[in-house]
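Derivation of every value follows stated rules applied to the coordinates shown; laboratory data play no part. Please read all numbers here as calculations on a predicted model, not as lab measurements. Reconstructed Cβ throughout: ideal geometry from the backbone, glycine too, with neighbour counts over all protein chains shown.
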Amino acid sequence: MDEATHECAARSCNVRIPASKLMCAKDWALVPEHVQRSVNRTYRARPRDWAAYAVAVRDAQDAVDATTYPATLLQAAKILRSRAEAAGGQPWEAAHFPEGTIVRPAGSMVSLFRLHATGPQRPWGTPYVTPEIGDFLATMHPGLASLFADLLEEAAATATANLQNTRHHPRDVTKAVAAAHQITGDDHA
Ligand SMILES: [Zn+2]
């Protein structure tokens, strides 16, 4: 019978590897040397200190995850930028009327919300939202999206600079990655 195997410890990998290894060769190579050393050292000391080993394994898993951060952040920035551009790139404003609130490009009289005014199946009229929704949509306008894309790109640069030091990944980077996953539709946040 073959040597006992288990799944690679990297979170997004299910390669079967010998029980004596923590990760497959591809993922282990992504772990910075000082984290590899700490995994090996704490592995030997497990009988005395299991928790230290668990921390080291987690650091190694985080390090593998972190290698995807820059690409994820840059992809999200690109999506956000192109959608903001396609949506006009300009600030929006909420206009409040007795009937309800519309959102329109700043300086325009025309609502962003359109219904076809003609056609047998089409109701006629202007769709309104609540004042709160209108204010929110106007706040999150395409111009803001471009600035947010800048922040994602800055986070990508920080993430790249931190690949060797993932244990101390700044919290703003991990938050930015969570936001990026929302934008790319990749839901493992
Ligand atoms: Zn693997």
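Across 10 Å bins from 0, what is the distribution of all Cα-Cα pair distances for region 5-64, in whole percents?
That works out to 26, 56, 18, in percent per bin.
For the chain, set up a GNM with springs between Cα atoms under 10 Å and report which of 129, 57, 173 has the largest fluctuation.
So, out of 129, 57, 173, the one fluctuating most is 129.
Out of 143, 43, 54, whose Cα points farthest toward the positive end of the dipole of the chain (charges: +1 Lys, Arg; -1 Asp, Glu; placed on Cβ)?
Value computed over the given set: 43.
Where a Cα-Cα gap under 19 Å defines reach, which aspartates and glutamates qualify for residue 175, not counting those fewer than 8 residues away within the same chain?
59, 62, 65, 150, 153, 154, 186, 187
Report relative contact order for region 5-64 in percent, whole number only (criteria: Cα-Cα under 8 Å, sequence separation at least 6).
Details: 62 pairs, mean separation 18.0, N = 60.
Taking the mean separation of contacting Cα pairs over the length of region 5-64, I get 30 percent.
For the chain, modelled as a Gaussian network with Cα springs under 10 Å, which listed residue fluctuates most, 112, 147, 74?
112
Round to the nearest 0.05 the FRET efficiency obtained for residue 139 and residue 161 when R0 = 41 Å and r is the Cβ-Cβ distance. Intermediate results must be reported in sequence, preceding the final value.
On the way: r = 31 Å, r/R0 = 0.77.
With a Förster radius of 41 Å, E is 0.85.
How much net charge surrounds residue 177 when only the other residues with a Cβ under 11 Å from the Cβ of residue 177 are counted, with Lys and Arg +1 and Asp and Glu -1?
Details: positive: 171, 175; negative: 65, 172, 186.
Taking every other residue near residue 177 into account, the sum is -1.
Considering the dipole of the chain built from charges on the beta carbon (Lys and Arg +1, Asp and Glu -1) around the Cα centre, which of 162, 128, 97 is farthest to its positive end?
Looking along the dipole axis, the top candidate is 162.
With only Lys, Arg, Asp and Glu charged, each at its Cβ (+1 for the first two, -1 for the last two), find how big the charge dipole of the chain is about the Cα centre; round to the nearest 20 debye. Numbers along the way, then the final one.
Numbers: 19 positive and 20 negative charges, 95 e Å.
Roughly 460 debye for the chain.
Can you work out the FRET efficiency for the pair residue 40 and residue 150, with r the C-beta to C-beta distance and R0 = 45 Å, to the nearest 0.05? Please list the in-between numbers first.
Numbers: r = 41 Å, r/R0 = 0.90.
So, using R0 = 45 Å, E works out to roughly 0.65.
Given a Förster distance of 22 angstrom, what is the FRET efficiency for residue 12 paired with residue 33, based on the Cβ-Cβ distance and rounded to 0.05?
FRET efficiency, residue 12 to residue 33: 0.50.
Over the chain, with a Gaussian network built from C-alpha contacts below 10 Å, which listed residue (52, 156, 71) shows the highest mean-square fluctuation?
Highest fluctuation of the listed residues: 52.
Given contacts defined as C-alpha pairs under 8 Å and at least six residues apart, what's the relative contact order of the chain, whole-number percent? Don't jump to the answer; show the numbers that get you there.
Working: 255 pairs, mean separation 40.5, N = 189.
So the answer I get is 21 percent.
Taking 0.36 nm per residue of sequence separation and subtracting the Cα-Cα distance, how much length would be gained by fully extending the chain between residue 113 and residue 54, in nm to one decimal?
Details: separation 59, 0.36 × 59 = 21.24 nm, distance 5.24 nm.
Between residue 113 and residue 54, full extension yields an extra 16.0 nm.
Restricting things to alpha carbons, tell me how big the chain is in terms of Rg and Dmax, in Å.
Just the Cα atoms of the chain yield Rg and Dmax of 24.5, 78 Å.
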